[in-house]
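Take a look at the structure below.
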Amino acid sequence: MRPMAQLAMVMNLDKCIGCHTCSVTCKQTWTNRGGVEYVWFNNVETKPGQGYPRRYEDQEQWHGGWKLGRNGRLQLAAGSRIKRMLSLFANPNLPAIEDYYEPWTYDYRNLTDAPLGDDTPTARPVSAVTGAPTSVRWGPNWEDSLGGAPEHAATDPVAEGMRARLGKSIQLEYEQAFMFYLPRICEHCLNPSCVASCPSGAMYKRAEDGIVLVDQDRCRGWRMCVSGCPYKKVYFNHKTGKAEKCTFCYPRLEIGQPTICAETCVGRLRYIGVMLYDADAVGRAASVKDDKKLYPAQMEVFLDPHDPEVVTAARRAGIPHDWITAAQRSPVYSLIAEHRVALPLHPEYRTMPMVWYIPPLSPVVEAVSSTGFDGERAGNLFGAIDALRIPVDYLAGLFTAGDPDPVRDVLRRLAAMRSHMRSINLGEPPDRYVPKSVGMTAEQIESMYRLLAVAKYADRYVIPTAGISRAHELESIGTTCSLDTDGGPGMGGASTNGHGNGQTDLFTWRDGERPEGMFPSLGRKR
Amino acid sequence: MTSPIDLLLWTVLPYLTIVVFVGGTVWRFKYDQFGWTTRSSQLHESRLLRIGGPLFHLGLFMVIGGHVAGLLIPKSLTEWLGIHNELYHLVSLVAGTIAGLATVVGLAVLVYRRWSVPAVRKATSNNDKLTYTVLGATILLGMFVTVVVNGVQGGYDYRVSIAPWFRGILMLQPDSSLIADAPLMYRAHALFGMALFLLWPFSRLVHAFSAPVRYLIRPYVVYRSRGETLATRSAARRGWDQP
Ligand code: HEM
Ligand code: SF4
Ligand code: SF4
């Protein structure tokens with residue numbers, strides 16, 4: 001056993017209202033710079049839909065993630081190392097900017113500068129890449145709330161997968177259609193295929209907290225990570241020529257604050273905490289043969305932080321005491337392993353993702369009530385799960401590689417919670433059969449309810465800091481801003497010119513300036 | 001007796017080139033890690049790049065191989081191995097033409113792409129334009145001497161003039177007179193070659209030094225310790241004068 005710590009996230013999809021606050025605040029913080037106009041480290045897509053970039057889930061097309069080789073060993077889906085080295089000169093699997101969308105802005109100046117005339121001046125859209133007038137044909141969220149679904153949603157790869165598996169199509173007619181929102185960030189995988197694809201070794205998984213980062217100084221722009229990630233969560237900055245990705249807001253986490261996307265989520269649906277896992281077991285778990293066994297296999301990799309043996313091993317592995325206690329209080333561990341209501345996104349990519357999701361249940365109550373039955377009675381609810389507007393099989397295609405049973409179990413636990421808590425709220429004696437029928441105790445159900453419904457800030461985010469001994473250095477985060485220049489936020493790339501940190505880039509070297517530290521000073525050191 | 005001009009061009013300039021090439025690369029590596037990238041433009045355009053990119057690079061690698069063989073391996077060695085002059089000439093002509101043609105066509109596609117795709121054109125810096133000019137001129141001149149001087153016009157044995165001059169430079173026994181009488185086009189090719197090497201450290205061509213060969217033997221997943229690199233510490237200085 002080789003215990004390692006991982007900061008992980010769980011999102012409760014039942015609560016996502018698709019407001020995009022997370023996307024916007026993340027963008028304001030990390031990608032409001034040149035070269036990454038089209039980049040959304042956090043995006044919220046509507047399911048069913050093609051997603052961003054379009055149809056990224058179709059690995060037949062993009063060859064992201066891992067697959068099992070003929071010898072049963074794990075290999076990158078894009079092919080052998082030699083094959084990928086030979087495709088360095090032109091990457092056959094790289095999405096084009098149109099697959100994301102061509103970013104645009106508006107010619108606002110025309111509103112004030114247009115000469116006097118009969119027509120009201122307009123602000124026409126111009127491409128943010130070339131500056132030329134453009135017509136907007138696709139956007140980062142073109143399919144919001146099923147916009148254009150009759151035309152596009154049938155080519156949703158998850159829906160296509162469901163059709164191929166079961167011969168069942170999704171309903172797109174107005175009164176039978178279903179939808180839910182899926183916020184996506186980098187999964188900070190246990191077995192990251194982006195890291196494995198990087199020829200320069202510039203991408204790495206941080207040993208202390210499992211956050212996957214790009215070293216901006218070592219990245220050489222080979223852009224293999226972009227295609228290597230099956231979730232398409234590594235992006236290429238076309239101005240700096242370097243890859244960029246979600247940082248899990250590590251500068252915030254290091255001082256115990258949640259990520260920007262979680263902090264600003266109005267639905268309060270995100271949970272962040274520590275997971276302990278056995279690094280030795282990852283490779284084996286990621287290479288189990290049957291795709292459907294990948295979810296249980298990943299569960300096996302997690303270690304129980306309450307187990308004294310695990311605690312001793314973790315301590316021996318150098319995991320700090322406050323990280324171990326944080327793991328014991330981790331809301332993420334509770335939701336994933338204790339209550340077992342969170343599921344991984346596309347485990348079949350074999351990257352062992354670490355942002356998990358509680359599948360949505362909401363419409364079922366409405367659906368049952370509208371037929372005249374009591375929508376929150378357990379018996380009715382359980383029976384209705386298979387008749388859900390959101391097909392269990394569709395959810396299974398997203399979260400369990402197509403196995404409906406774990407999804408059904410999760411939905412039953414959520415339904416049991418509703419029914420149990422309703423009895424308590426109405427002052428009725430709760431039916432003891434209800435918790436038992438989903439393999440839980442009444443206490444467990446109530447604790448899950450507290451975590452899902454009333455958890456306060458400190459319960460949703462249990463984040464140990466990067467070290468008390470460094471506290472005075474950490475304070476400086478409040479007084480310096482590392483994000484305000486092109487190409488340099490956090491991710492190892494510090495600010496460029498004029499900030500006196502002795503680093504510049506020949507392409508941004510301005511006329512008549514001699515940046516500090518560019519030449520060795522021959523004079524005596526002061 | 002070599003003229004001062006020849007001395008300048010064929011002894012001083014080569015050493016200057018070496019100093020700038022090596023020194024410039026070290027300087028850039030130490031000073032500008034963040035600017036050290038291919039600055040790939042594939043995000044904007046894939047179709048042409050997928051033809052031009054591999055054609056140009058693979059052709060170029062053959063060309064580089066040919067230069068190494070032609071300039072560094074002395075004639076006496078190949079003769080001792082029993083390779084006749086005619087055979088060598090024929091092989092170098094045929095292989096050189098194929099490699100050169102691939103390179104030229106590849107580069108033509110890449111330049112056309114730079115020109116005609118608006119987003120790629122926008123991403124082309126002045127530095128790029130200079131690099132393309134010098135690179136293109138060097139390659140075209142090289143192609144010209146291979147096909148015309150060495151082929152159509154019947155052949156010129158650079159292995160008794162230019163190659164010894166080149167090896168003389170490397171062995172610190174420069175002799176300008178060896179190359180001074182080579183055909184004009186050969187000398188022009190060599191001059192543009194030196195200009196290319198002068199430009200190299202300061203252009204996008206530095207990406208060639210980062211050919212990721214270590215990737216072939218590295219473990220897939222890289223772990224790195226947070227160590228001293230907390231985001232909240234002021235970033236370590238990457239320039240020359242460490243505080
Ligand atoms: C040593 C191995 C090399 C590798 C792996 C390599 C790889 C690459 C890659 C990935 C690109 C970016 C293509 C794109 O996506 O836009 C590129 C572009 C380029 N490379 Fe190389 N390269 C190598 C050597 C060289 C050499 C020796 C030269 C020239 C002397 C060279 C000249 C160029 C040029 C001019 C471009 C720009 C092409 C364009 O976009 O118009 N490369 N190279
Ligand atoms: S989701 Fe994140 S960690 Fe996983 S492969 Fe993609 S970029 Fe890498
Ligand atoms: S963790 Fe931070 S960088 Fe990642 S999506 Fe959320 S806000 Fe963006």
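Among the residues making up region A:190-210, those that are in contact with a Ser or Thr (Cβ under 9 Å, 6 or more places away or on another chain), at the interface with another protein chain (Cβ under 9 Å from one of its Cβ atoms) and within 16 Å of ligand 3 (Cβ to nearest atom) are A:Pro192, A:Met203, A:Arg206. A:Arg220 meets all of the listed conditions (1) at pLDDT 95 or above; (2) away from ligand 3 (no atom under 13 Å from the Cβ); (3) surrounded by fewer than 21 Cβ atoms within 10 Å (Cβ to Cβ) but one, namely (3).
Do you know which residues across region A:170-216 are within 11 Å of ligand 2 (Cβ to nearest atom) and in a loop (DSSP other than H, G, I, E, B)?
A:Ile185, A:Cys186, A:Glu187, A:His188, A:Cys189, A:Leu190, A:Asn191, A:Pro192, A:Cys198, A:Gly210, A:Ile211
Note on region A:139-171: residues that are surrounded by fewer than 17 Cβ atoms within 10 Å (Cβ to Cβ) and either of a type outside the set (Gly, Ala, Ser) or touching a His at 6+ places or on another chain (Cβ under 9 Å) (or both) total 8. Residue check: is A:Val365 away from ligand 2 (no atom under 16 Å from the Cβ), modelled with pLDDT under 95, under 26 Å from A:Ala442 (Cα atoms) and in a helix (DSSP H, G or I)? For A:Val365, the condition - away from ligand 2 (no atom under 16 Å from the Cβ), modelled with pLDDT under 95, under 26 Å from A:Ala442 (Cα atoms) and in a helix (DSSP H, G or I) - is met. Scanning region A:333-363 for residues that are of a type outside the set (A, V, I, L, M, F, W, C) and more than 16 Å from A:Thr400 (Cα to Cα) turns up A:Tyr333, A:Ser334, A:Glu338, A:His339, A:Ser362, A:Pro363.
The residue pairs whose first member lies in region A:25-49 and is over 17 Å from A:Leu182 (Cα atoms), whose second member is assigned to a helix (DSSP H, G or I) and away from ligand 3 (no atom under 12 Å from the Cβ), and whose beta carbons are closer than 6 Å, counting only pairs six or more residues apart or on different chains, are A:Tyr38/A:Tyr100.
Of the residues in region A:170-178, at least one is touching a Lys or Arg at 6+ places or on another chain (Cβ under 6 Å), away from every other protein chain (no Cβ under 14 Å) and either more than 16 Å from ligand 1 (Cβ to nearest atom) or at negative phi (or both). Restricting to region A:91-110, name every residue that is within 28 Å of the chain's Cα centre (by Cα) and assigned to a loop (DSSP other than H, G, I, E, B). Within region A:91-110, A:Asn91, A:Pro92, A:Asn93, A:Leu94, A:Pro95, A:Ala96, A:Tyr101, A:Glu102, A:Pro103 meet the criteria. Please determine whether any residue of region A:12-19 is in contact (Cβ under 8 Å) with a residue 60 or more places away in the chain, among the acidic types (Asp, Glu) and in a helix (DSSP H, G or I). Yes, the conditions are met somewhere in region A:12-19. In region B:86-106, is there at least one residue being under 23 Å from B:Ala195 (Cα atoms) and within 11 Å of another protein chain (Cβ to nearest Cβ)? The answer is yes; a qualifying residue exists. The set of residues in region A:50-84 being touching a residue at least 24 places away in the same chain (Cβ under 8 Å), within 14 Å of another protein chain (Cβ to nearest Cβ) and either among the acidic types (Asp, Glu) or within 16 Å of ligand 2 (Cβ to nearest atom) (or both) consists of A:Pro53, A:Trp62, A:Gly65, A:Trp66, A:Lys67, A:Leu74, A:Leu76, A:Ala77, A:Ala78, A:Arg84. May I ask you to say which residue of A:Ser437, A:Ser423, A:Ser419 is touching a residue at least 40 places away in the same chain (Cβ under 8 Å) and surrounded by fewer than 18 Cβ atoms within 10 Å (Cβ to Cβ)? Sole residue among the options that is touching a residue at least 40 places away in the same chain (Cβ under 8 Å) and surrounded by fewer than 18 Cβ atoms within 10 Å (Cβ to Cβ): A:Ser437. Is it true that B:Ser76 is of a type outside the set (Asp, Glu) and part of a loop (DSSP other than H, G, I, E, B)? No, not satisfied. Looking only at region B:107-141, which residues are farther than 30 Å from A:Glu102 by Cα and more than 12 Å from ligand 1 (Cβ to nearest atom)? Listed by number, the residues that qualify are B:Ala137, B:Leu140, B:Leu141. A single member of B:Ala188, B:Ala231, B:Ala208, B:Ala182 is modelled with pLDDT of 95 or more, farther than 19 Å from B:Ile64 by Cβ and of a type outside the set (S, T, N, Q), and it is B:Ala188. The set of residues in region A:218-263 that are among the β-branched types (Val, Ile, Thr) and not in a strand (DSSP E or B) comprises A:Val226, A:Thr240, A:Thr247, A:Ile255, A:Thr259, A:Ile260. With respect to the stated conditions, A:Val266 fails to be more than 15 Å from ligand 3 (Cβ to nearest atom), aliphatic (A, V, I, L, M) and either away from chain B (no Cβ under 13 Å) or part of a loop (DSSP other than H, G, I, E, B) (or both).
Looking at this structure, is A:Val195 more than 16 Å from ligand 1 (Cβ to nearest atom), over 23 Å from A:Trp356 (Cβ atoms) and crowded, with 24+ Cβ neighbours inside 10 Å? No: the conditions fail for A:Val195. Scanning region A:121-138 for residues that are surrounded by fewer than 18 Cβ atoms within 10 Å (Cβ to Cβ) and either within 14 Å of chain B (Cβ to nearest Cβ) or of a type in the set (Lys, Arg) (or both) yields a count of 9. With respect to the conditions (1) farther than 25 Å from A:Arg350 by Cα; (2) more than 14 Å from every other protein chain (Cβ to nearest Cβ), A:Gln216 lacks only one, and its number is (2).
Whenever a residue of region B:37-56 is at the interface with chain A (Cβ under 8 Å from one of its Cβ atoms), its partners that are assigned to a loop (DSSP other than H, G, I, E, B) and aromatic (Phe, Trp, Tyr), lying with C-beta atoms within less than 7 angstrom and at least six residues away or across chains, give the pairs B:Thr38/A:Trp222; B:Gly53/A:Phe89; B:Pro54/A:Phe89.
Pairing each residue of region B:207-218 that is closer than 17 Å to B:Trp36 by Cα and part of a helix (DSSP H, G or I) with any residue that is of a type outside the set (Phe, Trp, Tyr) and within 16 Å of ligand 2 (Cβ to nearest atom), provided the two are 6+ apart or on different chains, yields C-beta distances under 7 Å for B:Ser210/A:Ser200. So, in region B:171-193, how many residues would count as being aliphatic (A, V, I, L, M), within 13 Å of B:Leu141 (Cα to Cα) and touching a residue at least 12 places away in the same chain (Cβ under 8 Å)? Of the residues in region B:171-193, 4 are aliphatic (A, V, I, L, M), within 13 Å of B:Leu141 (Cα to Cα) and touching a residue at least 12 places away in the same chain (Cβ under 8 Å). If you go through region B:112-127 and keep only what is surrounded by 17 or more Cβ atoms within 10 Å (Cβ to Cβ) and in a helix (DSSP H, G or I), you end up with B:Arg113, B:Arg114, B:Ala119, B:Val120.
One residue alone among A:Leu294, A:Leu303 is under 15 Å from A:Thr351 (Cβ atoms), of a type in the set (A, V, I, L, M, F, W, C) and more than 16 Å from ligand 3 (Cβ to nearest atom), and that residue is A:Leu294.
If the condition is being more than 8 Å from chain A (Cβ to nearest Cβ) and either under 11 Å from B:Phe21 (Cβ atoms) or within 16 Å of ligand 2 (Cβ to nearest atom) (or both), then region B:196-205 contributes B:Leu196, B:Phe197, B:Leu198, B:Leu199, B:Trp200, B:Pro201, B:Leu205.
The values are calculated or read from the model by the stated rules, or taken from the named source; none is laboratory data. Remember, it's a predicted structure, so these values are computed and weren't measured experimentally. Every residue, glycine as well, gets a Cβ built from its backbone with ideal geometry; the counts of neighbours run over all protein chains shown.
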